[in-house]
Amino acid sequence: MACNARIRAEFEQGEIFLSNVEIEALIQSMTLREKLAQMTQLSAQFLMRSHTGTLTGPERALNLLPQDLRSLGSVLYWHGAEDARALQERHLREDPHRIPLLFAADIIHGYDTIYPIPLAMACSFDPPLMKDACAMAAREGTAAGIHLTFSPMADLSRDARWGRVMESGGEDPVLNAAFAAAAVEGYGGPAGPGPHTIAACVKHFAGYGGAQAGRDYNTVELSRGTLLDQYMPGYRAALDAGAAMVMASFNTIDRVPATANRWLLRDLLREQWGFDGVIITDFNAIEELVAHGVAEDSAQAAELALRAGVDIEMMSTTYLHYGEALVASGRVEMAAIDDAVRRILRLKEKLGLFEDPYRGLAAPRPLPVAPRRACAYKSAVRSMVLLKNDGVLPLRKEAALGLAGPFADTKQVFGEWAAADNSTAVTVLDGLRVAGMAHVTVAAAGALERAEGRIAEIPDQRAECAALADCDVILAAVGEHQNETGEAASRTSLRLSPNQEALIAALSALGKPVVAVVFSGRPLELSPVLEQCAAVVQAWFPGHEAGSALADLLLGREDFTARLAMSFPRSVGQMPLYYGQAATGRPFDEADPQKYVSRYLDCSNRPLFPFGYGLSYAAFAYDGLSVTPAGGGVDVTVTVRNTSDRAGTETVQVYIHDVAASVARPVRELKAFAKVHLAPGQVQQVRLHLPHEAFCFIGQELVPVFEPGLFEIYAGPNAAEGLRATIRLDA
Ligand code: GLC
């Protein structure tokens, strides 16, 4: 106890930060119940009574004792620096051991300043852009007292029916991993904590994006081989980049919920990957082990999670209510509890909380707004994808522009996981006017209204379209309601709502070119309207600078450089849809359609728009592909030409196909990409190196293998096009 008294004395004089010795002393001085409280994370409202934070899961009474709240380890769902300071001050007064609270939040795509949803950011194919945006968000978050963000979400996403694809880096393992790592580096990465950095919690471990039928929280049936080969790289990249925490996912893996999955959390994450950071559950996930049917009651649920190595229980209290009895009965060892508390205290120490529990809160210098808005603008410009353009774009500033649809003049352009104030968000109409479009007529711009049991809908406004009959070109700003994406937002249809499809048809019937701008958090089924539109722009949910970025792109002041991070379907029936599928023994050949092959009777296998696809105002051609062994891997060289009369940026993509391996490999796998900026007519030789690891995969023994043999190498503008070469690689 003497040591603890000394620690407290020195702490009160602001002199210490805890060494491992002091952490051990602190652990020994804590009661079991205090340790269990340190392993519990609750909404701030349980500490503040008045707080009205939004919960993202089931709310219920937690039956806590006052001393449990006094010893709580971490909180989430508060908002603002004043709350954070008040919470920490009171906590340090009341916690017998004066262990600072950890403040965690969901910074998913910005905090005060909202940038495009992560799926849109991935379409930039520009990881440094993600890093910059996350660094900006971390500066805003630390000023509000945030120590850790539940981000990046690294769940590979291949089913657009699942609302959470918006939070991910898309369908490809390499791109998803690159953006997960970039996010961690932006938040704070291996450089460690600083005054404006936050720790990252990578989620949802693991395979959450594989939810059957795209239905959120549903069973995941992935082979271990596919899980390790395709779904794990994103989490691993985030950890390699310095993520300090892992959030276990709601779903089952191999029929065992991740929250209780010892293979996943102990054997793989801790033993094989050597992760010694903190594992946290998702919201209420321990209690939900009973609903999963793997625990008879909450006590057994707590035991399963403890034995699986879960350190922090989020928004349920089974550890607090049953932990003492589990230790007393020998079902859980005190050493396991101490290990968890040690990891939590070390995280707090690493974040400098013992040295400064108010890190980031000290009279925060107001961050200048301009750089943050510039970052949001640049991110939005680089993430909107031009899917179709028959020449109607770029717009002429003098054109008489009609503007219709529910996104014509709304600030609801953030998407989910964005609690920021949207009062200064730039609407489409604002952006067009500021950009100098002097003749804009708005009509049929009714808002999307939500109703239980169906997707949000607009009124039938076909009759109002006549007001736009004299316009030169009509912009239809359509999409899905921002609150119908993200968590608990699965859909069985991916089409625009019926009245929006009807609106586009009515606008098209006016005989003027229609430019559809689609605001959504997922690939939608655009086939029904594609032919009626002269141009289509996938805007996603672009954040604060939605209107300014869109206007500058539509007017040609900026060029479209983004490429799709998820395939767009012809039909929802194609889901899950992704380019990197195995060929099957009966591949369908569009050039030679046969009956008894892997195909649909009523739809092509091909996506409407493939992964990696996107148009620019500039245009590019490829030739001269060559592949040569180099440094244990392969150098891929290709010549890219800008065949247009304006400068532009192309995203050169290199894919491989392992022609014959011990397991069926995807018909293409992205292994490298690079953005090249070319002047009109400029020709550039682009060389990308594929290291030896690029040709390795998870074999039947569930470990990485390289197998000599023939490889196809593709270089081109997307997953469906490009030049092809072959190379035989030996050992
Ligand atoms: C939610 C989400 C998770 C989020 C957590 C805290 O249910 O699944 O992504 O970080 O709760 O809000």
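The values are calculated or read from the model by the stated rules, or taken from the named source; none is laboratory data. Quick caveat, the model's predicted, so the values are computed rather than measured. Quick reminder, even Gly has a Cβ in these numbers, built from the backbone with ideal geometry, and neighbours come from all protein chains shown. Side chains included, ligands, DNA and RNA excluded: accessible areas come from the protein's heavy atoms. Shrake-Rupley method; radii C 1.70, N 1.55, O 1.52, S 1.80 Å.
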query = Since residue 201 meets every condition but one in (1) surrounded by 21 or more Cβ atoms within 10 Å (Cβ to Cβ); (2) at positive phi, which condition does it not meet?
reply = (2)
query = What number of residues within segment 172-196 are touching a residue at least 60 places away in the same chain (Cβ under 8 Å) and among the acidic types (Asp, Glu)?
reply = 1
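Here is a yes/no grid of residues against (1) modelled with pLDDT of 95 or more; (2) not in a strand (DSSP E or B):
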position: 157; (1), (2): yes, yes
position: 161; (1), (2): yes, yes
position: 182; (1), (2): yes, yes
position: 186; (1), (2): yes, yes
position: 190; (1), (2): no, yes
position: 202; (1), (2): yes, no
position: 209; (1), (2): yes, yes
position: 216; (1), (2): yes, yes
inquiry  = I want to confirm something. Restricting to segment 310-364 and keeping residues that are open to solvent by 60 Å² or more (accessible area, probe 1.4 Å), not in a loop (DSSP other than H, G, I, E, B) and not small (Gly, Ala, Ser), which single residue is modelled with the lowest pLDDT?
reply    = 350
query = On the given criteria, is residue 602 more than 22 Å from residue 537 (Cβ to Cβ) and charged (D, E, K, R)?
reply = yes
query = So, in segment 61-77, of the ones that are of a type outside the set (Gly, Ala, Ser) and either assigned to a loop (DSSP other than H, G, I, E, B) or under 17 Å from residue 338 (Cα atoms) (or both), which residue ends up nearest to the ligand (Cβ to nearest atom)?
reply = 77
inquiry  = Take residue 286 and tell me if it is in a loop (DSSP other than H, G, I, E, B), at pLDDT 95 or above and either surrounded by 24 or more Cβ atoms within 10 Å (Cβ to Cβ) or within 16 Å of the ligand (Cβ to nearest atom) (or both).
reply    = yes
Counted residues, segment 155-214 - those being of a type outside the set (A, V, I, L, M, F, W, C) and within 13 Å of the ligand (Cβ to nearest atom) = 9
Tally, over segment 572-622, of residues that are part of a loop (DSSP other than H, G, I, E, B) and either under 18 Å from residue 720 (Cβ atoms) or within 22 Å of the chain's Cα centre (by Cα) (or both) = 32
request  = Go through segment 150-191 and count every residue that is open to solvent by 10 Å² or more (accessible area, probe 1.4 Å), farther than 18 Å from residue 138 by Cα and of a type in the set (Gly, Ala, Ser).
outcome  = 2
message = Which pairs turn up if I take residues in segment 265-287 that are of a type in the set (Ser, Thr, Tyr) and look for partners that are part of a helix (DSSP H, G or I) and within 16 Å of the ligand (Cβ to nearest atom) with beta carbon separation below 6 Å, at least 6 apart in sequence or on another chain?
response = 281/259
Answer from 259, 281, 252 - the residue that is within 16 Å of the ligand (Cβ to nearest atom), among the polar types (S, T, N, Q) and under 19 Å from the mean Cα position of the chain (by Cα) = 281
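Results for (1) small (Gly, Ala, Ser); (2) free of Cβ contacts under 8 Å to residues at least 60 places away in the same chain, shown as yes or no for each residue.
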{"position": "165", "(1), (2)": "no, no"}
{"position": "170", "(1), (2)": "yes, no"}
{"position": "198", "(1), (2)": "no, no"}
{"position": "207", "(1), (2)": "yes, yes"}
{"position": "216", "(1), (2)": "no, no"}
{"position": "223", "(1), (2)": "yes, yes"}
{"position": "226", "(1), (2)": "no, yes"}
{"position": "230", "(1), (2)": "no, no"}
ask   = Do we have any residue at all in segment 124-135 that's assigned to a strand (DSSP E or B) and hydrophobic (A, V, I, L, M, F, W, C)?
value = no
query = Which residues, taken from segment 102-117, are away from the ligand (no atom under 16 Å from the Cβ) and either buried (at least 24 other Cβ atoms within 10 Å of the Cβ) or closer than 30 Å to residue 677 by Cα (or both)?
reply = 113, 114, 115, 116
request  = Look at residue 240 and say whether it is surrounded by fewer than 24 Cβ atoms within 10 Å (Cβ to Cβ), touching a strand residue (DSSP E or B) at 6+ places or on another chain (Cβ under 7 Å) and among the charged types (D, E, K, R).
outcome  = no
message = Which residue is modelled with the highest pLDDT, if the candidates are limited to segment 47-56 and must be open to solvent by 40 Å² or more (accessible area, probe 1.4 Å) and more than 14 Å from the ligand (Cβ to nearest atom)?
response = 48
request  = Determine which member of the set 120, 81, 37 is open to solvent by 10 Å² or more (accessible area, probe 1.4 Å), away from the ligand (no atom under 16 Å from the Cβ), in contact (Cβ under 8 Å) with a residue 12 or more places away in the chain and not acidic (Asp, Glu).
outcome  = 81
request  = Go through the residues of segment 140-154 one by one and say whether even a single one is modelled with pLDDT of 95 or more, away from the ligand (no atom under 16 Å from the Cβ) and assigned to a helix (DSSP H, G or I).
outcome  = no
ask   = surrounded by fewer than 19 Cβ atoms within 10 Å (Cβ to Cβ), touching a residue at least 60 places away in the same chain (Cβ under 8 Å) and in a helix (DSSP H, G or I), is that true of residue 307?
value = no
key: Residues satisfying the stated conditions in segment 458-485, i.e. more than 19 Å from residue 514 (Cα to Cα) and open to solvent by less than 30 Å² (accessible area, probe 1.4 Å)   = 481, 482, 484, 485
task = Answer yes or no: is there a residue in segment 215-237 that is in contact with an Asp or Glu (Cβ under 7 Å, 6 or more places away or on another chain), within 14 Å of the ligand (Cβ to nearest atom) and open to solvent by 10 Å² or more (accessible area, probe 1.4 Å).
result = yes
